[in-house]
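Step one of this worksheet: look at the structure below.
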Amino acid sequence: MPKRILLVGAGLSGAVIGRALAEAGNAVTVIDERAHIAGNCHTERDAESGIMVHVYGPHIFHTDDDRVWDYVNRFETFMPYVNRVKTTSAGRVYSLPVNLHTINQFFGKCFRPDEARQFIESLSDTSIAEPGTFEEQALRFVGKDLYEAFFKGYTIKQWGCDPNDLPASILKRLPVRFNYDDNYFFHRHQGMPANGYTGMIGKILAHEGIEVHLNRRFSRSDAAEFDHVFYSGPLDGYFDCELGRLGYRTLDFEMFRHDGDYQGCAVMNYGDAEVPYTRITEHKHFSPWEKHEKSVCYKEYSRACGPDDIPYYPIRMAEEKALLGQYVERARRERQVTFVGRLGTYRYLDMDVTIREALDAAEAYVRNGGEIPPFIVDPT
């Protein structure tokens, strides 16, 4: 029998799950407290310049998951885009991730790959056998000079704490390459939606079995009208933060305009701690197939997330993990509610993983006749 399904959040999780369940014959309602769909992926044309702006900061699609790649291309044409990040350190510009060009430029050398590898190994702190912190991980694998130039100041600004207080796992996502490959991602499929993420998500939601209501906040009492709720809002927010607030970092953006090309690339990081922002993004470069005379740029500042701020990055330090465990146990006692997405599971998720987990959640719901647990993936 068709079910009445409520999706809380009109971002990727809500749209993908809602579409799959509507195609399976269910009556789907999607609500979002914002005035637009697409969540933090929201894009819109700047009225003055015509540039497609990533309103909540840049989102670059990359994946090795063929099914996810086929899925997004079903709803939008993805244009080729390779993320080539630059960084400014001590008044000089380098390419990231750290690669052979970065190493040779930084140290004034002309190493071949094997020579560069040996050189970096000679700089590493081999006394650190099992790195436990971000700083130990960096010192062990790239040494003091590269760490302080490219990682230390940026990390302090991004996370608001000493790198010795962060787990080593954060740095493991930042590779060092001993060739001239400056493609920030390894994935086979990379691109940008030709008409923006909001256009793509709008097409996903465009089904006769889906109703979308914006500017509408969720209350737990809403669940009584539906057979099942998929909740992609903050996990602690579902319980009105009764046990305390989970820690997040949030972002502030200072938008400015420029006639012409401001920095010549989409993303310029700033590794020096005395520069207050972490990076500047120039949004016309995220659509290199378009031509624009003017430019729209964002200076990006990271800080602790307050109760009225938009949560971006889950901190997941020891204190947060302990509180997360309490909320997870409480969530597991809920009935007919499944927590999904970055906020619902308090995890940092790339877009392709978000889509894959949403597809898996919808398929599990249909396959099991509506009987699925509160979490498809264990947040802890």
Next on the checklist: I'd like to check something: does the range 276-294 contain any residue that is under 19 Å from the mean Cα position of the chain (by Cα), closer than 22 Å to V68 by Cβ and not assigned by TED's automatic domain parsing to the domain that holds I204?
Outcome noted: yes
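Can you tell me which residues in the range 67-91 are more than 12 Å from P193 (Cα to Cα), in contact (Cβ under 8 Å) with a residue 12 or more places away in the chain and not aromatic (F, W, Y)?
To start, the set of residues in the range 67-91 that are more than 12 Å from P193 (Cα to Cα) comprises 67-68, 70-71, 82-91.
Retained after the next criterion (residues that are in contact (Cβ under 8 Å) with a residue 12 or more places away in the chain): 67-68, 71, 82-90.
Selection gives R67, V68, V82, N83, R84, V85, K86, T87, T88, S89, A90.
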Checklist entry - Is it the case that some residue within the range 250-263 is assigned to a strand (DSSP E or B), touching a residue at least 24 places away in the same chain (Cβ under 8 Å) and either under 26 Å from V337 (Cα atoms) or in contact with a helix residue (DSSP H, G or I) (Cβ under 8 Å, 6 or more places away or on another chain) (or both)? => result no
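Residue-wise test of (1) closer than 18 Å to T198 by Cα; (2) small (G, A, S).
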residue	(1), (2)
G25	no, yes
A38	yes, yes
R45	yes, no
D64	no, no
P97	no, no
F106	no, no
Checklist outcome for this item: Those residues of the range 137-167 that are in contact with a Pro (Cβ under 9 Å, 6 or more places away or on another chain) and of a type in the set (D, E, K, R) come to a total of 3
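Give the range 48-103 a look and list any residue that's of a type outside the set (V, I, T), loosely packed, with under 14 Cβ neighbours inside 10 Å and either modelled with pLDDT under 95 or over 21 Å from D272 (Cβ atoms) (or both), or say none. Outline the logic, then answer.
If we filter the range 48-103 for residues that are of a type outside the set (V, I, T), which is where we start, we get 48-50, 52, 54, 56-59, 61-62, 64-67, 69-71, 73-76, 78-81, 83-84, 86, 89-92, 94-97, 99-101.
If we keep only those that are loosely packed, with under 14 Cβ neighbours inside 10 Å as well, we get 48, 64, 66-67, 70, 74, 80, 90-92.
Passing the criteria: E48, D64, D66, R67, D70, R74, P80.
Table: residues versus (1) in a helix (DSSP H, G or I); (2) within 22 Å of D272 (Cα to Cα); (3) more than 23 Å from the chain's Cα centre (by Cα).
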| residue | (1), (2), (3) |
| --- | --- |
| R117 | yes, no, yes |
| P131 | no, no, yes |
| R140 | yes, yes, yes |
| I156 | yes, yes, no |
Checklist entry - How about the range 264-291: which of its residues are of a type outside the set (G, A, S), touching a helix residue (DSSP H, G or I) at 6+ places or on another chain (Cβ under 9 Å) and more than 17 Å from L96 (Cα to Cα)? => result E274, V275, P276, Y277, E290, K291
Checklist entry - What do you reckon, is P2 under 27 Å from F286 (Cβ atoms) and either surrounded by fewer than 19 Cβ atoms within 10 Å (Cβ to Cβ) or in contact with a strand residue (DSSP E or B) (Cβ under 8 Å, 6 or more places away or on another chain) (or both)? => result no
Item to check | Failed item, numbered, when V229 is tested on (1) assigned to a strand (DSSP E or B); (2) under 19 Å from the mean Cα position of the chain (by Cα); (3) under 29 Å from D70 (Cα atoms) | outcome: (2)
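On the basis of being within 17 Å of the chain's Cα centre (by Cα) and polar (S, T, N, Q), does N26 make the cut? Spell out the reasoning first.
On the way: within 17 Å of the chain's Cα centre (by Cα): no; polar (S, T, N, Q): yes.
It is false that N26 is within 17 Å of the chain's Cα centre (by Cα) and polar (S, T, N, Q).
Counting just the residues of the range 187-212 that are hydrophobic (A, V, I, L, M, F, W, C) and surrounded by fewer than 16 Cβ atoms within 10 Å (Cβ to Cβ), which one comes out farthest from the chain's Cα centre (by Cα)?
Our first condition is that a residue be hydrophobic (A, V, I, L, M, F, W, C); within the range 187-212, this holds for 192, 194, 200-201, 204-206, 210, 212.
Restricting the remaining residues to those that are surrounded by fewer than 16 Cβ atoms within 10 Å (Cβ to Cβ) gives 194, 206.
Values: A194: 19, A206: 24 Å.
Selected residue: A206.
Conditions (1) crowded, with 22+ Cβ neighbours inside 10 Å; (2) touching a residue at least 12 places away in the same chain (Cβ under 8 Å), marked per residue:
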residue: G108; (1), (2): no, no
residue: E115; (1), (2): no, no
residue: S124; (1), (2): no, yes
residue: Q137; (1), (2): yes, yes
residue: R140; (1), (2): no, yes
residue: G143; (1), (2): no, yes
residue: F150; (1), (2): yes, yes
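Only one residue in N183, N164 is surrounded by fewer than 18 Cβ atoms within 10 Å (Cβ to Cβ) and in a helix (DSSP H, G or I), so which one is that?
Details: N183 fails: in a helix (DSSP H, G or I).
Unique residue meeting the criteria: N164.
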Checklist outcome for this item: Within the range 248-272, the count of residues that are surrounded by fewer than 20 Cβ atoms within 10 Å (Cβ to Cβ) and either modelled with pLDDT under 95 or of a type outside the set (A, V, I, L, M) (or both) comes to 16
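The rows are residues; the columns are (1) in contact with a strand residue (DSSP E or B) (Cβ under 7 Å, 6 or more places away or on another chain); (2) outside any helix (DSSP H, G or I); (3) not acidic (D, E).
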residue: I31; (1), (2), (3): yes, yes, yes
residue: A35; (1), (2), (3): yes, yes, yes
residue: N40; (1), (2), (3): no, no, yes
residue: W69; (1), (2), (3): yes, no, yes
residue: V72; (1), (2), (3): yes, no, yes
residue: V93; (1), (2), (3): yes, yes, yes
residue: N104; (1), (2), (3): no, no, yes
residue: D114; (1), (2), (3): no, no, no
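Quick one: would you say H59 is assigned to a loop (DSSP other than H, G, I, E, B), in contact (Cβ under 8 Å) with a residue 12 or more places away in the chain, in contact with a Cys (Cβ under 8 Å, 6 or more places away or on another chain) and of a type outside the set (A, V, I, L, M)?
Values: assigned to a loop (DSSP other than H, G, I, E, B): yes; in contact (Cβ under 8 Å) with a residue 12 or more places away in the chain: yes; in contact with a Cys (Cβ under 8 Å, 6 or more places away or on another chain): yes; of a type outside the set (A, V, I, L, M): yes.
Yes, satisfied.
The values are calculated or read from the model by the stated rules, or taken from the named source; none is laboratory data. All values reported here derive from a predicted model rather than from experimental measurement. Every residue, glycine as well, gets a Cβ built from its backbone with ideal geometry; the counts of neighbours run over all protein chains shown.
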